[in-house]
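We did not get these values from a lab; they are worked out from the coordinates using the rules stated. Everything quoted here is computed from the prediction, not taken from an experiment. FYI the Cβ positions are ideal-geometry reconstructions off the backbone, even for glycines, and counts take in every protein chain you see.
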Ligand SMILES: [Zn+2]
């Protein structure tokens, strides 16, 4: 597939989802990061030119659609699940790097929650972070 076409596919798809869900977006970053400003229904991302960035954009959309959830690690987990489901729906396989990062990111959120006194971890989250990533 031609490189230009591949880039466009993700951008077009992303912009359509954002529009359908009334989400404002700004191509604000140049690296694989994102932020969601739930109150403003706005996300800051880098242009989703590839599937890894598209996946991150979906995660941020997940934050907006689901709204604020306590505890925070659960909000991160559910946004991540939203993104994973959407990728499956669009039949876009997650890269190995993205899968590993996904798991690592939720682990990090859980560690933070534990430091803040989390005693009992949600079972679904527990099995997600135990999920083996293939090499
Ligand atoms: Zn997040």
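Details
- Restricting 70, 9 to those that are more than 16 Å from the chain's Cα centre (by Cα) and closer than 15 Å to residue 106 by Cα reduces the list to 70.
- Qualifying residue in region 114-127 (condition: touching a residue at least 12 places away in the same chain (Cβ under 8 Å), closer than 24 Å to residue 28 by Cβ and surrounded by fewer than 20 Cβ atoms within 10 Å (Cβ to Cβ)): no
- Considering only residues in region 54-75 that are within 13 Å of residue 42 (Cα to Cα) and away from the ligand (no atom under 11 Å from the Cβ), the one that is surrounded by the fewest Cβ atoms within 10 Å (Cβ to Cβ) turns out to be 67.
- Verdict on residue 92 being surrounded by 13 or more Cβ atoms within 10 Å (Cβ to Cβ) and more than 13 Å from residue 51 (Cβ to Cβ): no
- Residues located in region 76-104, provided they are within 13 Å of the ligand (Cβ to nearest atom) and in contact with a helix residue (DSSP H, G or I) (Cβ under 7 Å, 6 or more places away or on another chain): 76, 77, 78, 79, 80, 82, 83, 102
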